[in-house]
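**Student:** My questions all concern the structure below.
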Amino acid sequence: MTRGTIKKIEVNNLRVGMFITDFNHDWRNPCCQDKDPNAFRGPRLIRTEAEIQKIIDHGIKELFIDIALGKETDGQSLDEVEQKLSQQLLELDDDEEISNQSNPIKPFSEELSAAAEVKSKARKIVGHVLADARLGKQVTLAPVQDAVRGMAESMFRNPDAILSLSLIKKRDEYTFMHSVNVGVFLMSFCRALDMPEETIIKVGVGGMLHDIGKMKTPENILNKPGKLTDEEFLIMKQHVVFSRQILEQTPGIPDISIYVAAQHHERFDGTGYPSGMRGEEINEFGQMAAIVDVYDAITSDRIYHKGNPPHVALKRMLDWSTNHFNPGLYQKFVQCVGIYPIGTLVRLENQLVGVVIHSNSESLLYPVIKVILDARSGKRLNPRDINLMDHSADTGGGFRIIRPEPNDKWKIDPKHFMPKPDLFQ
């Protein structure tokens, strides 16, 4: 299987004898009515018309085939698809509604330690709350609200500091840190949309507790390292119903928080679960939670898959956004995290390669990067920080990003070059 033989086609052009390499949808979110939730994962040869009809009925609109392994047809090449998506992401910088946010109150380096402290506290609180939920105890809301307020205060001082810590993830703490990260990303999303502080807190609480229903999922299913059976996946999907039930029984819980937890697996085209809600039937905060939940999940390393680099995740989600997400909200999310999100490996016109370590409020195209190698020679350099905004007017200096770079190509883990507070040294 090579890149040159992969094509993207519309599902109506799918024929018996074609070899599917990717169903081009959120692999964690099969349709709620489907009786075979694992049917649309992994490559396979299409052998019957019934298989094609099942894919159409599932709601899949486009997919990728390999013409070297099956029947040929016209379609966009993988390179054409990725070039188009990259251009679409770049065009999102034109919207000044979000890209021109106010400057941070506190410098990134000064806020980083405080951000790490409040996020560590939040991680511990989530751990206690989820442990209590597994024992059937009622959720105590006050500690969660305190933790969320602490994270919000850090975010208002400098949003990049606490967002940068989302890259520091341990596989064995995925459930806890995913909950905290979803809360942080949702608060940043709300802040970028200029929502009131109290709304931001309520959404953050919902994000922190959105997966609390997983505590009612049997541990052998929740922590299974391999592929879930159909029956196991149906059980796993019940966690959303359990999350809503637990939160509805929590005294003082805001409705907004419940929307986040109850609707984060709903999809804009109606293929989500548990209710198969469509479009504006889904609360705005549920729509936002769906975007954030997928972004953090597919950028995380798990036992059964390696996380996507941030920029790759944004491109994949952009491709899905015409069906799975509210396209307008998704565009706002991209503008919130940046076209080149924190942790993205990028190449400059002058062939220097570096890691994006934080954004610039003036433009999504000119973040601050840590330069670590010269692409011409492949030689590692002494890492140094460059604020690309300082060179934005210098058109001949070569300090413009020309493209993201694959981490594997240079055997670089961007997390190793991110600024780390003492708490994570």
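The values are calculated or read from the model by the stated rules, or taken from the named source; none is laboratory data. Given the structure is predicted, the values throughout are model-derived calculations rather than measurements. When we count neighbours, we look across all protein chains shown, and the Cβ atoms used for this are built from the backbone with ideal geometry, even at glycine.
**Student:** Please verify whether Val337 is β-branched (Val, Ile, Thr), crowded, with 21+ Cβ neighbours inside 10 Å and either farther than 17 Å from Leu85 by Cα or in contact with a Phe, Trp or Tyr (Cβ under 6 Å, 6 or more places away or on another chain) (or both), treating the condition exactly as stated.
**Tutor:** Details: β-branched (Val, Ile, Thr): yes; crowded, with 21+ Cβ neighbours inside 10 Å: yes; either farther than 17 Å from Leu85 by Cα or in contact with a Phe, Trp or Tyr (Cβ under 6 Å, 6 or more places away or on another chain) (or both): no.
So Val337 fails the test.
**Student:** Has region 299-306 got any residue that is farther than 28 Å from Pro327 by Cα, touching a helix residue (DSSP H, G or I) at 6+ places or on another chain (Cβ under 8 Å) and free of Cβ contacts under 8 Å to residues at least 40 places away in the same chain? First the steps, then the outcome.
**Tutor:** Of all residues in region 299-306, those farther than 28 Å from Pro327 by Cα come to 303-304.
Keeping just the survivors that are touching a helix residue (DSSP H, G or I) at 6+ places or on another chain (Cβ under 8 Å) gives 303.
From what is left, the residues that are free of Cβ contacts under 8 Å to residues at least 40 places away in the same chain are none.
Checked region 299-306: no residue is farther than 28 Å from Pro327 by Cα, touching a helix residue (DSSP H, G or I) at 6+ places or on another chain (Cβ under 8 Å) and free of Cβ contacts under 8 Å to residues at least 40 places away in the same chain.
**Student:** Using beta carbons and a limit of 9 Å, which pairs, at least six apart or on different chains, have the first residue in region 208-219 and hydroxyl-bearing (Ser, Thr, Tyr) and the second one surrounded by 21 or more Cβ atoms within 10 Å (Cβ to Cβ) and in a helix (DSSP H, G or I)?
**Tutor:** Going by the 9 Å Cβ cut-off, the qualifying pairs are Thr217/His239.
**Student:** Separate question: Here's a check for you: in region 392-419, which residue that is out of contact with any helix residue (DSSP H, G or I) (no Cβ under 8 Å at 6 or more places or on another chain) and over 14 Å from Val346 (Cβ atoms) is surrounded by the most Cβ atoms within 10 Å (Cβ to Cβ)?
**Tutor:** Within region 392-419, the match that is surrounded by the most Cβ atoms within 10 Å (Cβ to Cβ) is Ser392.
**Student:** For Gly354, indicate whether it is at positive phi and buried (at least 17 other Cβ atoms within 10 Å of the Cβ).
**Tutor:** On the way: at positive phi: no; buried (at least 17 other Cβ atoms within 10 Å of the Cβ): yes.
No, not satisfied.
**Student:** Just to be sure before I move on: is Asp385 within 21 Å of the chain's Cα centre (by Cα), of a type in the set (Asp, Glu) and either surrounded by 13 or more Cβ atoms within 10 Å (Cβ to Cβ) or farther than 16 Å from Ile357 by Cα (or both) in the structure I sent? Steps first, answer last, please.
**Tutor:** Details: within 21 Å of the chain's Cα centre (by Cα): no; of a type in the set (Asp, Glu): yes; either surrounded by 13 or more Cβ atoms within 10 Å (Cβ to Cβ) or farther than 16 Å from Ile357 by Cα (or both): yes.
No; evaluated as a whole, the condition is false for this residue.
**Student:** So which residues in region 21-54 are under 20 Å from Met317 (Cβ atoms) and at pLDDT 90 or above, if there are any at all?
**Tutor:** The answer is Thr21, and nothing else.
**Student:** For region 291-312, indicate whether the set of residues that are under 15 Å from Leu193 (Cβ atoms), crowded, with 21+ Cβ neighbours inside 10 Å and not hydrophobic (A, V, I, L, M, F, W, C) is non-empty.
**Tutor:** Taking region 291-312 and keeping what is under 15 Å from Leu193 (Cβ atoms), we get 291-292.
Still in the list and also crowded, with 21+ Cβ neighbours inside 10 Å: 291-292.
Narrowing further to those that are not hydrophobic (A, V, I, L, M, F, W, C): none.
Among the residues of region 291-312, not one is under 15 Å from Leu193 (Cβ atoms), crowded, with 21+ Cβ neighbours inside 10 Å and not hydrophobic (A, V, I, L, M, F, W, C), which makes the answer no.
**Student:** Right, here's the next one. Restricting the search to region 289-303, which residues are farther than 17 Å from Asp319 by Cα and under 11 Å from the mean Cα position of the chain (by Cα)?
**Tutor:** Filtering region 289-303 down to residues farther than 17 Å from Asp319 by Cα leaves 289, 300-303.
Scanning region 289-303 gives Ala289, Ser300.
**Student:** Could you list all residues from region 41-69 that are touching a helix residue (DSSP H, G or I) at 6+ places or on another chain (Cβ under 7 Å) and assigned to a helix (DSSP H, G or I)?
**Tutor:** Selection gives Ile55, Ile56.
**Student:** Then there's this: Quick check: anything in region 364-371 surrounded by fewer than 19 Cβ atoms within 10 Å (Cβ to Cβ) and assigned by TED's automatic domain parsing to the domain that holds Arg191?
**Tutor:** Checked against the condition, which is being surrounded by fewer than 19 Cβ atoms within 10 Å (Cβ to Cβ) and assigned by TED's automatic domain parsing to the domain that holds Arg191, region 364-371 yields no hits at all.
**Student:** Take the residues in region 146-190 that are aromatic (Phe, Trp, Tyr) and buried (at least 24 other Cβ atoms within 10 Å of the Cβ); name whichever of them is farthest from the chain's Cα centre (by Cα).
**Tutor:** Just the residues of region 146-190 that are aromatic (Phe, Trp, Tyr), to begin with: 156, 174, 176, 185, 189.
Adding the requirement that they be buried (at least 24 other Cβ atoms within 10 Å of the Cβ) leaves 185, 189.
Numbers: Phe185: 9, Phe189: 12 Å.
Step by step, filter region 146-190, then rank; the result is Phe189.
**Student:** Is there a residue in region 389-400 that is modelled with pLDDT under 95, more than 19 Å from Leu85 (Cα to Cα) and among the hydroxyl-bearing types (Ser, Thr, Tyr)?
**Tutor:** Within region 389-400, one or more residues are modelled with pLDDT under 95, more than 19 Å from Leu85 (Cα to Cα) and among the hydroxyl-bearing types (Ser, Thr, Tyr).
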